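Engineer: Following this message is one structure expressed as structure tokens.
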Amino acid sequence: MRPIISDAEFVERAQRTQTLLREADIDILLTYGNETEPQFVRYYSDYWPSFESAGVMMAQTGDPVLLIGPESMTYARDRSRIKQIHRLSAFRESSNPEYPGHMLERFPDVFDILLNGDRPKRVAIAGMNLVPHVLYAELLEALSSYGNVEIVRGDDLVMSLRMIKSPAEIACLRRAGEITAQTVEYVYANIRPGMTELQVRGLANGKMYELGAENESYPAWILAGEGGNQAISRARQKTIRERDFVHLQIGARYEGYASTIGRPVFFGEPDPDLYRAVEAGWEGYQAIYEQLRPGNNAGNVARAYAQTMKRNGHYEWLLYGPCHATGLMEGEPPWIEDGSDYILQENVTFCICLFMGNNSTGFGFRLEDSIRIGADGPDSLTNFRRDILRM
């Protein structure tokens, strides 16, 4: 049976959030999402905006509402687990059409519905880093009629609920990981010199959709030769050569949940220095993996990683790390990095995200997998081979 998040779980998420709103004395929570980062909206509604953006708004009691742009009502009704949906011009697409003749609602209309005429005193926004100026200005104008209303960041409040994954979420993450692992295996079996990086991305995309993915976790990149030291990138029209060193970075999304695998591949006889760098990376990966257990301090993970990479002589290759949480986005808080000081908990899901780059040569790669903190230690959700790949 295909794993999904039930309607009841979406209702429970809103109710748990409302408990936190009452405890924090926050009258209204607005979550914001767009096509690239739908996480805060999808968590409550299962709705993923396209072209336009979207929001979910809720008060301390009552049902949440979904806020969409003018063109998306039929789409939203088809997908949203929230049944009360409102069209606001603030969520329209960036080309900024006027929609003459359409009766669109505004923020005060939604406040009246949620608060029954009461005055909000504190409003929280989750997805604060994403909110565009135009929408924020409309929100400020609407709140000005109520007097002095405090606006606070709501990201941490929402993430405190999202961090520990439910059994259904773990099942979706595991299915996403299975799709990604099978996709990377397919790419490894079919990649050939003479292909462009974009053609290899096409192999990956075709396979992951065939296996049931709803989308990529991120635009996959395949970097051949120099340029592999790009920690974030996109596939190019560059052709893979006979003796290239290729950085594969591929992830599938399933029911909203993201997974990822990063692996380097040697074509032909490996360069000895690069081969040793990959060996060093796997030594660092193992040091991270062994520390991912409940009750351990996140700082211990970062220290074990740094100590290993200093010992094997490749610390200067590192950019960040060694882990970040994962879920509705491939990269979520919290990070594990130098200075982290919190306790790892069961059913928090992380990516081991070990990026190594040599800027003097232009070569680099990432070793990455999706991992659950299990009761007895790390539980790989991607479960792909952990050795040096050679063609």
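Engineer: Failed condition for L130, given (1) in contact with a helix residue (DSSP H, G or I) (Cβ under 6 Å, 6 or more places away or on another chain); (2) in a loop (DSSP other than H, G, I, E, B); (3) of a type in the set (A, V, I, L, M, F, W, C), with all others met?
Structural biologist: Answer for L130: the failing condition is (1).
Engineer: Within region 369-387, take every residue that is open to solvent by 30 Å² or more (accessible area, probe 1.4 Å) and out of contact with any strand residue (DSSP E or B) (no Cβ under 7 Å at 6 or more places or on another chain) and give me the one that is nearest to A258 (Cα to Cα).
Structural biologist: N383
Engineer: Here's something else I'd like to know. In region 232-268, what residues are outside any loop (DSSP other than H, G, I, E, B) and either out of contact with any Leu (no Cβ under 9 Å at 6 or more places or on another chain) or of a type outside the set (A, V, I, L, M) (or both)?
Structural biologist: Those that are outside any loop (DSSP other than H, G, I, E, B) and either out of contact with any Leu (no Cβ under 9 Å at 6 or more places or on another chain) or of a type outside the set (A, V, I, L, M) (or both): T239, F245, H247, Q249, I250, R253, Y254, Y257, G262, R263, P264, F266.
Engineer: When you scan region 181-227, how many residues do you find that are more than 26 Å from L328 (Cβ to Cβ), at pLDDT 95 or above and assigned to a loop (DSSP other than H, G, I, E, B)?
Structural biologist: Number satisfying all stated conditions: 5.
Engineer: Quick check on region 169-190: of everything there that is touching a helix residue (DSSP H, G or I) at 6+ places or on another chain (Cβ under 6 Å) and surrounded by fewer than 21 Cβ atoms within 10 Å (Cβ to Cβ), which residue is farthest from A252 (Cα to Cα)?
Structural biologist: Selected residue: N190.
Engineer: Hey, another quick one. List the pairs whose first member sits in region 308-321 and is farther than 13 Å from W282 by Cα and outside any helix (DSSP H, G or I), whose second member is of a type in the set (V, I, T) and open to solvent by less than 30 Å² (accessible area, probe 1.4 Å), and whose Cβ atoms are under 9 Å apart, counting only residues at least 6 apart or on separate chains?
Structural biologist: G321/I288; G321/I336; G321/I352
Engineer: For region 319-356, how many residues are at pLDDT below 95 and more than 23 Å from R293 (Cβ to Cβ)?
Structural biologist: Matching residues across region 319-356 total 1.
Engineer: What number goes with the only condition from (1) open to solvent by 50 Å² or more (accessible area, probe 1.4 Å); (2) out of contact with any strand residue (DSSP E or B) (no Cβ under 7 Å at 6 or more places or on another chain); (3) under 30 Å from T349 (Cβ atoms); (4) not small (G, A, S) that L161 does not pass?
Structural biologist: Against the list (1) open to solvent by 50 Å² or more (accessible area, probe 1.4 Å); (2) out of contact with any strand residue (DSSP E or B) (no Cβ under 7 Å at 6 or more places or on another chain); (3) under 30 Å from T349 (Cβ atoms); (4) not small (G, A, S), L161 comes up short only on (1).
Engineer: Considering only residues that are part of a strand (DSSP E or B) and open to solvent by 30 Å² or more (accessible area, probe 1.4 Å), which ones fall in region 116-127?
Structural biologist: R122
Engineer: Within region 3-34, how many residues turn out to be touching a residue at least 60 places away in the same chain (Cβ under 8 Å), of a type in the set (K, R) and surrounded by fewer than 18 Cβ atoms within 10 Å (Cβ to Cβ)?
Structural biologist: 1
Engineer: Right, next: Look through region 105-114, keep the residues that are touching a His at 6+ places or on another chain (Cβ under 9 Å) and not charged (D, E, K, R), and return whichever of them is surrounded by the fewest Cβ atoms within 10 Å (Cβ to Cβ).
Structural biologist: The residue in question is I113.
Engineer: Go over the candidates E138, E105, E150 one by one and state the one that is at pLDDT 95 or above and farther than 26 Å from E23 by Cβ.
Structural biologist: None of the others qualify; the one that does is E138.
Engineer: Something else about it: Within the bounds of region 339-347, is there any residue that is open to solvent by less than 10 Å² (accessible area, probe 1.4 Å), within 15 Å of R303 (Cα to Cα) and out of contact with any Gly (no Cβ under 6 Å at 6 or more places or on another chain)?
Structural biologist: There is at least one residue in region 339-347 that is open to solvent by less than 10 Å² (accessible area, probe 1.4 Å), within 15 Å of R303 (Cα to Cα) and out of contact with any Gly (no Cβ under 6 Å at 6 or more places or on another chain).
Engineer: Considering only residues of region 191-208 that are within 26 Å of E269 (Cα to Cα) and within 22 Å of the chain's Cα centre (by Cα), which is most open to solvent (accessible area, probe 1.4 Å)?
Structural biologist: R201
Engineer: Quick check: anything in region 100-115 over 21 Å from E35 (Cα atoms) and assigned to a strand (DSSP E or B)?
Structural biologist: yes
Engineer: When you scan region 224-275, how many residues do you find that are of a type outside the set (S, T, N, Q), more than 24 Å from S380 (Cα to Cα) and buried (at least 21 other Cβ atoms within 10 Å of the Cβ)?
Structural biologist: Matching residues across region 224-275 total 4.
Engineer: Can you tell me which residue is modelled with the lowest pLDDT among those in region 59-99 that are of a type in the set (K, R) and within 16 Å of E35 (Cβ to Cβ)?
Structural biologist: Per the criteria, the residue is R92.
The values are calculated or read from the model by the stated rules, or taken from the named source; none is laboratory data. Model, not experiment: these values are computed from the prediction. With ideal geometry, Cβ positions are generated from the backbone for all residues, glycine too; neighbour counts draw on all protein chains shown. What goes into the accessible areas is simple: the full protein's heavy atoms, side chains included, and nothing from ligands, DNA or RNA. Shrake-Rupley method; radii C 1.70, N 1.55, O 1.52, S 1.80 Å.
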